[in-house]
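**Q** Handing you this structure, nothing more for now.
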Amino acid sequence: MAGTRPTPAAPLAELSAPVWFGHADQVIGASLVRLVRALPRALGLVAGVAWRADRVAVLLGFLAQVVSGLVTALGLLAVTTVLASLFVAGPTPERLADAGPALAVLAGAFAVRGIADTVVSGATMRLSPKVRHRVERDLAEALSRVDLVAFDEPAFHDDLERSRYAGMDAVESATQQAIVVVGGLISLAATAATAALLHPLLLPVLLLSVVPETWSTLRNARLEYEFVATTIETRRRRSLTTDQLAAKESAAEVRVFGAQAFLLAEHDRHSRVMEDAQIALGARQTRVSLVGRALSGAGIAFAYVTLGWLLYIGATPLAVAGAALLAIRTVRSSLTQVVLAANRLFEKSLYINDLQGFLALVDKRTRKPIGRQAPVAPEVIDVRGVSFRYPGATKDALTDVDLTIRRGQVVALVGENGSGKSTLAKLLAGLYAPASGVISWDGVDLLTVDAASVADNVAVVMQDPTRWPLTARHAVTLGRPDRVDPGEHHLDRVAHDSGAAAVVATLSHGWDSLLTTRFRDGHDLSGGQWQRLSVARALYRDAPILICDEPTAALDARAEAAVYESLRTLQTGRTVILITHRLASVRHADVIVILHQGRVTQTGTHHHLMTTNPLYADLYNLQANSYRDTPENAQHPTNPHHA
Ligand SMILES: Nc1ncnc2c1ncn2[C@@H]1O[C@H](COP(=O)(O)OP(=O)(O)OP(=O)(O)O)[C@@H](O)[C@H]1O
C-alpha cells in the first residue's frame, strides 16, 4: 500500500548559512597570535558598549577585579612568609606564633578576594542585561526611523537579520566573556609579577609549564566550533523536519498526506549523522586532551626540577619554592579560563562589528530632523515631474508624474496592476522621496520638513493591513494613542462607521480581546475583519489626508457599502486618495487619475473619462455588465470576466 515505505530522501540543495554563524571560517582559522592581536580591539568594543549601558557597574566590576588580582598576589607573598616561618627550626608553637601575622594576612586576602569576586559577579549580572537592552534599544530606535525605502532592499534585510539575531546575542555573551578575560588577565599579571619578585627564573618556568594546557584548551575549543560548523546544516535540516511536525499550519497536511513516516525517517537520518559526528568529536577531543596532559605533565615536571635545582644550589629558599607551586596552580587555572573566554570573545566581537556597521549604515539612511514642520491640512498637494525607482529595479515605478490635489477632494488612482498607484500614494504621504521632481504641500517641498510632521497629517488603509498583535482597542487607537476620548464616543463612532463594531462584538473580551493566538485567550480574525479594523484605525486617527489603498478588497458587500458611506461623510475638509480596481466606487470621485506603466495618462471626472477615454469606458462597462442580469451572465454565473 502507498505510504508504508518512506521515499528515500533526495539530495537537497545547500541551506544558506545561518546568520549567527557567518564568521565560522574566521574563527576556526584564527591562530593564537591572531587571537592575541585581536583581543585589545574586541575588549575595546565591548568596553565601549558596556560603558554606555552602565558606567557604575563597569567601574565597580573593574575595580573589584583589580582588588581581586592584588589580594591574590598579596596572598601568595603571605604564603611565602607563612612557609618561611614554619620551615625554620624550633618548637612548633613558636613557629606557629611567628607565622600568625602572615596567616592573618592570608586569611584577610582570602576574605577580600571572596568579596571582590562577589562584587564582580554582581556587576556582571547587572551589566549583561543592561548591555543587551541598550543595544536592542539602539537598534529598535534606528529601525523605527530608517527611510522606508531601505526595507525594499534585500541586502538591508540580510544585514538586519544578522544584527538582530547574531549581534544581539553576541553583545550579551561578549560582555560576560570580556569580564572573564579582564579578570583572568589581571590575576595572571599579578601572579606572574609576584612570581618574578620571588625569583626572576620563576616566571619563564611558570609560563613554560602552562603552554601545553593553553594549546589543548584552545585546540579543543576549535574542534567544538568546527563540529558545530560542519553539522549545522544537518542540525537545521533536522529542525526543519520537526518544525513541520510541531507547526499548526502543517499539522493537517502531515496527517492528510500521511507524511509522518517520511518526516520521522528524515529526522532519524539527520540524527544519525549528528550522533556519528558527535562521537568522532569526543574521540578527537580526548586525544587532544591526552597529548595536552602528557605535555603539561612534562612542563610541570620541568618546573619542579628547576625549583629543586634552585633549592639545591641555595638560590631560593624552601618557602619560595612552596609558594611557586601554588603560583603554578593559580596561573594554570586562570590561563585556561582566559584562553577559552578570549576565543569566544573574538568570535562574538566579529558579530558586534557587524551590528555596529549596520547601525552606522542605518544612521546614514535616516533623514535627520530638520526642525521644520510640514503645513497642517495642506490646501494644495502638488506633484511636479516626479519619478521614482525601487532599489534594484531596472525601470521606474513612476515617471514624470504631474498632479494637483486640493483639500476636500476625493482623488481616485486607477490603472492596471503594477501601474504605480500604491507607489504614488506612498510618495504623496512622504513615505518615499522622489528620485527627481518635487512633491510639495502648500508650496513646501516635503523633503525640507521633518518626516514625522508629514506623517502626522496622514492616515492610511493599506491593501494588506498589518495584523497588529495587540488588543482590539490598541489596534484601532494606536495612530492617536494620546487622544482624549471621554466615554470612548469617538472609538464607538469609527467602529460603527467601519464595521469594526460588529467584529468586536463577537470577541470574548470586546475591545480588550487580544488579536493574536500566540497568547492565551487570543483571537485571530478573518482578512475582512482585519480590514474593518484597519479602516477604523484610519478613521480614528482623524488625519487631514486619508489614503485608502483597496480599502474594501476583503470586505463583504454590506461592509463595503458602509465604508464608502463613511468615507463620503468624512470627506468634508479632508483629502481622500482612493486606490481601487472597483470602478463603481470611483464614480463619485472629484478627480480620477489614470496611471499606465508609471505615467499619468489622463485625469478627469467619471463623466469626462467615460466620453473621452475608451479604455476607461470599456473597463467600467465590463465591470458594470458583470452585475447585470444579462442572458450571457445567466449562462456563466460564476465567471465575472466572461463578458
Ligand atoms: N518594494 C518594491 N520593490 C521593487 N519594485 C516594486 C516594489 N513595489 C512595487 N514595485 C514595482 O513598482 C511598480 C508599481 O507598483 P505599485 O505597487 O505602485 O503598483 P499598483 O498600481 O499599486 O499595483 P496593484 O494594482 O497591483 O496594487 C510595479 O512594477 C511593481 O512591480
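The values are calculated or read from the model by the stated rules, or taken from the named source; none is laboratory data. Please read these numbers as outputs of a predicted model, since none were measured by experiment. A quick note on method: Cβ atoms are made from the backbone with ideal geometry, for glycine too, and the neighbour counts reach across all protein chains shown. Ligands, DNA and RNA are excluded from the accessible area calculation, which covers all protein heavy atoms including side chains. Shrake-Rupley method; radii C 1.70, N 1.55, O 1.52, S 1.80 Å.
**Q** Quick check: is even one residue across the stretch 60-72 open to solvent by 70 Å² or more (accessible area, probe 1.4 Å), over 30 Å from HIS199 (Cα atoms), within 29 Å of the chain's Cα centre (by Cα) and away from the ligand (no atom under 16 Å from the Cβ)?
**A** Checked against the condition, which is being open to solvent by 70 Å² or more (accessible area, probe 1.4 Å), over 30 Å from HIS199 (Cα atoms), within 29 Å of the chain's Cα centre (by Cα) and away from the ligand (no atom under 16 Å from the Cβ), the stretch 60-72 yields no hits at all.
**Q** I've got another one for you. State whether one or more residues within the stretch 351-369 are away from the ligand (no atom under 16 Å from the Cβ) and at pLDDT 95 or above. Even if it seems obvious, please write down each step before you answer.
**A** Step one: filter the stretch 351-369 for residues away from the ligand (no atom under 16 Å from the Cβ), giving 351-364, 366-369.
With the extra rule that they be at pLDDT 95 or above, the set shrinks to none.
Scanning the stretch 351-369 turns up no residue that is away from the ligand (no atom under 16 Å from the Cβ) and at pLDDT 95 or above.
**Q** Filter the stretch 584-600 down to residues that are touching a residue at least 24 places away in the same chain (Cβ under 8 Å) and more than 13 Å from the ligand (Cβ to nearest atom) and give me whichever is most open to solvent (accessible area, probe 1.4 Å).
**A** Quick first cut of the stretch 584-600, residues touching a residue at least 24 places away in the same chain (Cβ under 8 Å) only: 584-586, 588-600.
From the residues that got through so far, the ones that are more than 13 Å from the ligand (Cβ to nearest atom) too are 584-586, 588-592.
Values: ALA584: 65, SER585: 27, VAL586: 0, HIS588: 126, ALA589: 10, ASP590: 65, VAL591: 28, ILE592: 0 Å².
Ranking the candidates gives HIS588 first.
**Q** Looking at the stretch 98-108, which of its residues are open to solvent by 70 Å² or more (accessible area, probe 1.4 Å) and over 55 Å from the mean Cα position of the chain (by Cα)?
**A** Within the stretch 98-108, the first condition is being open to solvent by 70 Å² or more (accessible area, probe 1.4 Å), and the residues that meet it are 98, 101, 103.
Answer for the stretch 98-108, where residues must be open to solvent by 70 Å² or more (accessible area, probe 1.4 Å) and over 55 Å from the mean Cα position of the chain (by Cα): ASP98, PRO101.
**Q** To continue, here is another question. Checking the condition open to solvent by 60 Å² or more (accessible area, probe 1.4 Å), of a type in the set (D, E, K, R) and under 30 Å from ALA190 (Cα atoms), which residue from ARG293, ARG272, ARG284 passes? Walk me through it before giving the result.
**A** Working: ARG272 fails: under 30 Å from ALA190 (Cα atoms); ARG284 fails: under 30 Å from ALA190 (Cα atoms).
Exactly one residue qualifies, and that residue is ARG293.
**Q** Report, by residue number, each residue of the stretch 247-280 that is of a type in the set (A, V, I, L, M, F, W, C), within 20 Å of TYR225 (Cα to Cα) and in contact with a Ser or Thr (Cβ under 9 Å, 6 or more places away or on another chain).
**A** Kept after step one, since they are of a type in the set (A, V, I, L, M, F, W, C), are these residues of the stretch 247-280: 247, 251-252, 254, 256-257, 259, 261-265, 273-274, 277, 279-280.
This time we only want the ones that are within 20 Å of TYR225 (Cα to Cα), so: 273-274, 277, 279-280.
Within the stretch 247-280, VAL273, MET274, ALA277 qualify.
**Q** In a loop (DSSP other than H, G, I, E, B) and in contact with a helix residue (DSSP H, G or I) (Cβ under 7 Å, 6 or more places away or on another chain) - does that describe any residue in the stretch 527-547? If you could, list the steps in order and put the result at the bottom.
**A** Quick first cut of the stretch 527-547, residues in a loop (DSSP other than H, G, I, E, B) only: 542-544.
Then drop every residue that is not in contact with a helix residue (DSSP H, G or I) (Cβ under 7 Å, 6 or more places away or on another chain), which leaves none.
No, that holds for no residue.
**Q** Shifting gears a bit: Quick check on my filter: what residues within the stretch 399-422 are more than 8 Å from the ligand (Cβ to nearest atom) and open to solvent by less than 50 Å² (accessible area, probe 1.4 Å)? Please lay out each step first, then the result.
**A** Here is the first cut: in the stretch 399-422, the residues more than 8 Å from the ligand (Cβ to nearest atom) are 399-412, 414.
THR399, VAL401, LEU403, ILE405, GLY408, GLN409, VAL410, VAL411, ALA412, VAL414, listed by residue number.
**Q** Within the stretch 375-398, which residues are surrounded by 13 or more Cβ atoms within 10 Å (Cβ to Cβ), among the hydroxyl-bearing types (Ser, Thr, Tyr) and within 11 Å of the ligand (Cβ to nearest atom)?
**A** Result: TYR390, single match.
Okay, residues lined up against (1) touching a residue at least 24 places away in the same chain (Cβ under 8 Å); (2) touching a Gly at 6+ places or on another chain (Cβ under 8 Å); (3) not small (Gly, Ala, Ser):
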| site | (1), (2), (3) |
| --- | --- |
| ALA500 | yes, no, no |
| VAL504 | yes, yes, yes |
| TRP511 | yes, no, yes |
| ARG518 | yes, no, yes |
| HIS523 | no, no, yes |
| ARG532 | yes, yes, yes |
| ASP542 | yes, no, yes |
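**Q** Residue check: is ARG389 under 30 Å from ALA155 (Cα atoms), among the basic types (Lys, Arg) and assigned by TED's automatic domain parsing to the domain that holds THR448?
**A** Working: under 30 Å from ALA155 (Cα atoms): yes; among the basic types (Lys, Arg): yes; assigned by TED's automatic domain parsing to the domain that holds THR448: yes.
In short, yes.
**Q** OK, next. Please state which one of ALA472, ALA495, ALA501 is over 32 Å from the mean Cα position of the chain (by Cα), buried (at least 18 other Cβ atoms within 10 Å of the Cβ) and modelled with pLDDT of 90 or more.
**A** Working: ALA472 fails: over 32 Å from the mean Cα position of the chain (by Cα); ALA501 fails: buried (at least 18 other Cβ atoms within 10 Å of the Cβ).
The unique qualifying residue is ALA495.
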